[in-house]
Amino acid sequence: MKSVLKTALICSTAMIGTAAGAQTMTIGITQNNVGVDSYQTTYEQAFIAAAEANPDVNVVVLDAGGDVARQLAQIDDLIQQQVDAMIIWPTNGEAVIPAVRRASQAEIPVVITNSNIAEAGFDFISSFSGPDNVTQGQRAAEIMCDRFKALGIENEAKVVHITGQPGYTTAIERAQGFNDRLPEVCPNVEQIDEQPGDWNREKSQQVMEAFLVQYDDIDGVYSGDDNMGVGAMNAAIAAGRAEGITFVGATNFAVGYDAMAEGTYWGSIYQSPVDDAEAALQTAIDILNGEEVPFLNYFDTPKITQENMDEFTKPVF
């Protein structure tokens, strides 16, 4: 393993850990967009804390700021630094593949975290560590359908859908899981519209405002995460139409948890950014130690609703 940790030249870098020694692992990470939401901020904090707790690990922590070109440059920079392993949270699952190929050609094992790259890049990575986003979308559809059945409207309900950032694998997979599963469990429920909210609460609120103007009858709203879901809920509250609408999200944020406790938001999928970060780092460490790891290294993300939320700790993000 290499023992030299160079200073990143392209982007601001956090160097965490003990002084590099003969057996010290140097692991570089380039993240999607730390400042865009509290999940990604908490992920970075947890990643750094996990690295600090391991005396055998140094990490180079980079943030692409949602910029594909910047992330490609960061990957190339980590290759030049000759890190022992690389963790990538892709800004775009297709666009990062050429740079991931270059890392593979440099014999640097790559772990993709949180949101997978497109299948065309699978030959160039060692493992994906994160949630099963298709399953999350499926479970969200089941939550929605179960609620409609409890309300007796499963044969007439109409749903709108707010997705994440276009081209982003997590957004694509969660939407796919929801769209495929809902007709299976509630075949008479109609999805009347689907628009992107880009993981942004304010934009999602605007999307929902437009839905409320366009459609007189909305019984359910599915959002790709709770940040967007709460934005949609706020629009409905402001319009005086929140009562009677079932709001379901994914990645249960603290604001979603609080809204569930208040009775205005129905359910979500529980996902911890701390688990996410620690799993990614441990996967890279295991690979460098020569251990076998699953190619798709998922951690569980259970359903959470108003009915069982007391079984879960309030999210810290």
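The values are calculated or read from the model by the stated rules, or taken from the named source; none is laboratory data. The structure presented is a predicted model; accordingly, all values stated were derived computationally and were not measured. Note that each Cβ is placed from the backbone with ideal geometry, even for glycine, and that neighbours are counted across all protein chains shown. The protein model used for the area step is the full one, side chains on, heavy atoms only, and it has no ligands, DNA or RNA in it. Shrake-Rupley method; radii C 1.70, N 1.55, O 1.52, S 1.80 Å.
Of all the accessible heavy-atom surface of the range 191-317, with the other protein chains kept in place and a 1.4 Å probe, what percent is carbon and sulfur?
Solvent-exposed carbon and sulfur of the range 191-317 make up 44 percent of the total.
When only the heavy atoms of the protein chains count and the probe is 1.4 Å, how do S127, S272 rank by accessible area, highest first?
S272, S127
Starting from the alpha-carbon convex hull of the range 95-202, give the projected area averaged over all orientations, in nm².
Dividing the Cα hull surface by four gives the mean projection, 7.9 nm².
Would you please classify the overall shape of the range 213-317 from the alpha carbon gyration tensor, given that a ≥ b ≥ c denote the square roots of the eigenvalues, rounded means a/c under 1.5, and beyond that prolate means a/b larger than b/c while oblate covers the rest?
prolate
Per-residue counts of other Cβ atoms within 10 Å, averaged by peptide: what ranking do you get for 259-271, 142-154, highest first?
259-271, 142-154
Ranked from the most accessible area to the least, with a 1.4 Å probe and all protein chains present, what is the order of Y168, Y298?
Accessible-area ranking of Y168, Y298, largest first: Y298, Y168.
Could you give the accessible area per residue of the chain, probe 1.4 Å, as a whole number in Å²?
Each residue of the chain exposes 40 Å² on average to a 1.4 Å probe.
Report the number of Lys pairs in the chain whose alpha-carbons are under 29 Å apart, with separation of 8 or more residues or on distinct chains.
8
Roughly how many percent of the accessible protein surface of the range 13-161 is carbon and sulfur, given a 1.4 Å probe and a whole-percent answer?
Carbon and sulfur: 45 percent of the exposed surface of the range 13-161.
Would you mind putting 59-65, 221-227 in packing order, based on average other-beta-carbon counts within 10 Å, highest first?
221-227, 59-65
Report the net charge of residues surrounding Q74, where surrounding means a beta-carbon distance below 13 angstrom and charges are Lys +1, Arg +1, Asp -1, Glu -1.
Its environment carries a net charge of -2.
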